[in-house]
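**Student:** Before I ask anything, let me first share the structure, which is written out below as structure tokens.
The values are calculated or read from the model by the stated rules, or taken from the named source; none is laboratory data. Quick caveat, the model's predicted, so the values are computed rather than measured. Positions of Cβ are generated from backbone atoms using ideal geometry, with glycine treated the same way; all protein chains shown enter the neighbour counts.
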Amino acid sequence: MTAALDRRAAIELPRGERLAAHDSAVAALRDKRDAAGRAEPDFERLREQARAIKAHTLDHLDTYLERFEARAQEAGARVHFAADAADLRRIVLELLAAKGARRVVKSKSMLTEECALNPHLERAGIEVVDTDLGERIVQLGHEPPSHILMPAIHRTRADIGALFERELGSEHGDTDPGRLTAAARRDLRARFLAADAAITGANFAIADTGTLAIVTNEGNADLGCALAPLHIACLGIEKLVPGLADLAVFLRLLARSATGQPISAYTTLVTGPKPGSELHVILVDNGRTRLLADPRHRSALSCIRCGACLNTCPVFRRAGGHAYGWAVPGPIGAVLAPALAPPGAAHTLPFASTLCGSCSAVCPVKIDLHDQLVAWRSGDAVRAARPRGLRAAAFVLRHPALYRAAGAVARALWPLFGGALAPREARAWLESRELPERPGPSFRVRFRNRS
Ligand code: SF4
């Protein structure tokens with residue numbers, strides 16, 4: 001990993017019991033996904049169908065965007081296009097200001113995380129309350145989500161009990177999930193009823209009907225947009241699918257890949273505003289057309305944000321989502337970051353992978369994630385940000401004499417690499433690991449000395 005990535009990981013890595021809890025919670029999701037896949041005889045056929053639908057939609061995205069816009073407006077919605085994150089933030093703020101909205105309930109949306117919407121609205125004096133339980137936990141803890149589906153998966157029950165005691169007045173030492181959830185629900189209910197506006201994402205947008213499909217397990221997005229007089233839906237332009245029959249394919253895959261459920265608890269289709277209210281749909285580019293124009297990486301836009309690639313990734317499981325330093329962690333985050341993240345350390349994320357290929361094997365839309373990571377590594381922008389260690393290794397490997405000398409020095413100093421000579425960035429990593437035994441003589445030496 002790069003120095004910046006290593007530094008972040010040194011701060012953010014879960015340790016000890018917390019690491020074990022994170023690893024097993026994430027691994028359990030992977031197991032549930034596998035069981036759900038085995039129980040659905042059509043699973044592999046659905047994956048292939050989903051891949052093909054997304055590839056077709058991306059090939060004709062301009063047509064489907066125009067069709068969606070026309071149908072949604074016929075149904076009474078207003079459709080806006082945002083070129084980038086700043087544009088999205090401006091449009092949302094203007095819509096809220098036009099209605100005098102000061103209190104907003106918001107459901108989970110990775111796009112709004114990507115575009116840093118919450119802090120922008122808060123700076124403008126608007127109260128934004130995240131209503132997904134996991135999102136609410138990280139919001140109360142003043143930290144970003146660590147997983148695209150389970151934002152607080154890095155938190156233990158004890159952490160959440162202490163947080164709720166401090167923030168919501170729940171009982172001291174209470175770690176019972178049922179009671180803690182009830183405390184959050186009591187707090188949120190009043191906020192739902194008082195909200196002037198609801199901001200949601202959308203899992204899919206159906207071009208033929210101008211419909212938004214919003215999928216949750218808690219019903220929070222549905223309640224927010226059912227109660228508030230203003231509904232603003234923010235979604236990336238890649239969320240389009242052609243028709244309702246296509247949506248059915250994705251609904252059969254999404255929950256199975258995410259949590260192992262046959263289907264999510266709530267799937268709401270929104271076509272136009274409810275009587276007496278306004279619906280605004282903001283379709284956001286923010287680097288997506290750049291990715292669309294790149295044939296090697298365009299399929300990354302097929303992602304349906306199920307989280308399966310995070311749950312199976314050995315790096316994500318050990319490092320946790322915060323170590324990635326960008327809104328979307330895990331393999332898909334590492335693939336999207338060079339194109340979508342603001343310039344900075346996130347561009348080196350393609351190096352945060354073992355390239356084991358497990359992510360590609362579980363992806364419901366068959367994105368070749370690990371191949372794309374390799375492709376990014378050889379791209380100019382990412383190469384320029386290559387970690388120091390890798391640059392040094394490449395130089396040594398290109399010079400045989402240097403390679404032999406480096407091997408001899410490394411063998412002599414081997415025990416010190418776990419201690420005094422350990423690079424600063426690797427020290428946290430070495431706290432819970434031991435170096436392997438000192439290697440014996442090199443092949444060349446053994447060959448020379450053979451009897
Ligand atoms: S890349 Fe595939 S596995 Fe990963 S979140 Fe997206 S759809 Fe799910």
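**Student:** Do we find that ARG102 is crowded, with 19+ Cβ neighbours inside 10 Å, more than 25 Å from the chain's Cα centre (by Cα), among the basic types (Lys, Arg) and modelled with pLDDT of 95 or more in this structure?
**Tutor:** In short, no.
**Student:** So is ASP246 modelled with pLDDT under 95 and either touching a His at 6+ places or on another chain (Cβ under 7 Å) or of a type in the set (Asp, Glu) (or both) or not?
**Tutor:** no
**Student:** Within segment 436-451, can you find the residues that are farther than 15 Å from ALA410 by Cβ and of a type in the set (D, E, K, R)?
**Tutor:** ARG446, ARG448, ARG450
**Student:** Looking at (1) among the basic types (Lys, Arg); (2) in a helix (DSSP H, G or I); (3) at pLDDT below 95, can you tell me which one ARG136 breaks?
**Tutor:** Against the list (1) among the basic types (Lys, Arg); (2) in a helix (DSSP H, G or I); (3) at pLDDT below 95, ARG136 comes up short only on (3).
**Student:** Additional query: Hand me the list of helices (runs of 4 or more DSSP H) wholly inside segment 294-411 holding 1 or more residues that are hydroxyl-bearing (Ser, Thr, Tyr), within 16 Å of the ligand (Cβ to nearest atom) and surrounded by 23 or more Cβ atoms within 10 Å (Cβ to Cβ).
**Tutor:** 308-312
**Student:** Let me ask something else about it. Give me the pairs, please: first residue somewhere in segment 287-306 and under 22 Å from HIS147 (Cα atoms), second residue anywhere and among the acidic types (Asp, Glu), beta-carbon distance under 8 Å, and either six or more positions apart or on two chains.
**Tutor:** Filtered contacts from segment 287-306: GLY287/ASP84; ARG288/GLU238; SER299/ASP368; LEU301/GLU238; SER302/GLU238; CYS303/GLU238.
**Student:** All but one of (1) assigned to a loop (DSSP other than H, G, I, E, B); (2) within 13 Å of the ligand (Cβ to nearest atom); (3) among the small types (Gly, Ala, Ser) hold for GLY276; state the number of the condition that does not hold.
**Tutor:** GLY276 satisfies every listed condition except (2).
**Student:** Let me ask you something else. Let me spell it out: the conditions are (1) under 23 Å from GLU40 (Cβ atoms); (2) surrounded by 18 or more Cβ atoms within 10 Å (Cβ to Cβ); (3) touching a Ser or Thr at 6+ places or on another chain (Cβ under 7 Å), and LEU240 meets all of them except one. Which number is the exception?
**Tutor:** (1)
**Student:** Give segment 105-133 a look and list any residue that's crowded, with 20+ Cβ neighbours inside 10 Å and assigned to a loop (DSSP other than H, G, I, E, B), or say none.
**Tutor:** Of everything in segment 105-133, those that are crowded, with 20+ Cβ neighbours inside 10 Å and assigned to a loop (DSSP other than H, G, I, E, B) turn out to be SER107, LYS108, SER109, CYS115, THR131, ASP132.
**Student:** Additional query: Residue check: is GLU437 closer than 30 Å to ALA319 by Cα, at pLDDT 75 or above and among the acidic types (Asp, Glu)?
**Tutor:** Yes, satisfied.
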